[in-house]
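Reading through the structure tokens given below for one structure.
The values are calculated or read from the model by the stated rules, or taken from the named source; none is laboratory data. Since we're looking at a predicted model, the values are computed, not measured. Every residue, glycine as well, gets a Cβ built from its backbone with ideal geometry; the counts of neighbours run over all protein chains shown.
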Amino acid sequence: MRIVSLNVGLPREVEWKGRTVLTGIFKEPVAERVQLRFLNLDGDRQADLTVHGGAQKAVYAYPSEHYVYWQQELPEMELPWGVFGENFTVEGLLEDAVNIGDRFRIGTAEVIVAQPRMPCYKLDIRFGRSDIIQRFQSSGLSGIYFSVVQEGEVGTGDSIELVSRDEHHVTVAEIARLLDRKIVDRALLERAILVPALPAYLRDYFLKQLEK
């Protein structure tokens, strides 16, 4: 497992559907090594901190393997690394094989898997079309948000080394399916709420689902 491309970007204003929107979704690959901090990478920022960024969305990874799928789905589009707004384009780190709470060492930093991504309309802005959110969610290819447990320096080519596995074995893909409401799985909900690394707002949401 490794970083194929490290991507950063600062918020910019863009025109979308007749209004000006501030977004940080435009990421560009960088060759130099970058400091990964508890809230983001140096040189990278999120525009709307009410739904993006924060300790449990400090860095976003998207598997390079998924680009093959999207190139087939969108043959008319160029898809450079970072087009999904990811900070790390990764190889060998897939949602159905990674647990919430798994801990990894990348460069001199350590991160912990926190949650899948549920996209907002800014993904549509990045692609310049209005169907990407639905297609992204339907694909099940969510990518992975990490929390940072030890700050450090990271860069393209760094290996991603497993430090520990969460004992509850609830994968990122399983959480994404619960959030997409395609399955109602009481046993999985009961397992999910026991995962210490699961963000509190997701735990509360799953508890309400169980109450129903």
Kindly establish whether Gly92 is out of contact with any Leu (no Cβ under 7 Å at 6 or more places or on another chain), surrounded by fewer than 17 Cβ atoms within 10 Å (Cβ to Cβ), without any contact (Cβ under 8 Å) to a residue 60 or more places away in the chain and not aliphatic (A, V, I, L, M).
no
Residue check, Gly155 in contact with a His (Cβ under 8 Å, 6 or more places away or on another chain) and closer than 23 Å to Ala58 by Cβ:
no
Enumerated helices (runs of 4 or more DSSP H) restricted to segment 121-199, each holding at least 2 residues that are under 26 Å from Trp16 (Cα atoms) and in contact with a Gly (Cβ under 8 Å, 6 or more places away or on another chain):
122-127
Say we look at segment 125-139 and pick out the residues that are in contact (Cβ under 8 Å) with a residue 60 or more places away in the chain and under 15 Å from Glu15 (Cβ atoms); which of these is nearest to the chain's Cα centre (by Cα)?
Arg126
Apart from one, (1) crowded, with 16+ Cβ neighbours inside 10 Å; (2) of a type in the set (A, V, I, L, M); (3) without any contact (Cβ under 8 Å) to a residue 24 or more places away in the chain all hold for Val154; the odd one out is (3)
Going through segment 15-26 in order, the residues found to be crowded, with 16+ Cβ neighbours inside 10 Å and farther than 21 Å from Val113 by Cα are Val21, Thr23, Gly24, Phe26
If I go through segment 75-88 residue by residue, how many of them are more than 17 Å from Ile106 (Cα to Cα) and in contact (Cβ under 8 Å) with a residue 24 or more places away in the chain?
7
Considering only segment 75-89, I want to know if a residue exists there that is within 12 Å of the chain's Cα centre (by Cα) and modelled with pLDDT under 95.
no
Name the residue, out of Ala97, Ala114, that is small (Gly, Ala, Ser), at pLDDT 95 or above, under 12 Å from Ala61 (Cα atoms) and under 17 Å from the mean Cα position of the chain (by Cα).
Ala114
What number of residues in segment 73-82 are part of a loop (DSSP other than H, G, I, E, B) and among the charged types (D, E, K, R)?
2
If we only count strands (runs of 3 or more DSSP E) wholly inside segment 1-72, which ones have 1 or more residues that are among the aromatic types (Phe, Trp, Tyr), touching a residue at least 24 places away in the same chain (Cβ under 8 Å) and under 28 Å from Ser138 (Cβ atoms)?
12-16, 59-63
What is the residue count in segment 170-200 for residues that are surrounded by fewer than 13 Cβ atoms within 10 Å (Cβ to Cβ) and closer than 22 Å to Tyr62 by Cβ?
1
For segment 152-191, which residues satisfy the criterion of being under 18 Å from the mean Cα position of the chain (by Cα), farther than 17 Å from Val111 by Cβ and of a type outside the set (A, V, I, L, M, F, W, C)?
Glu174, Arg177, Asp180
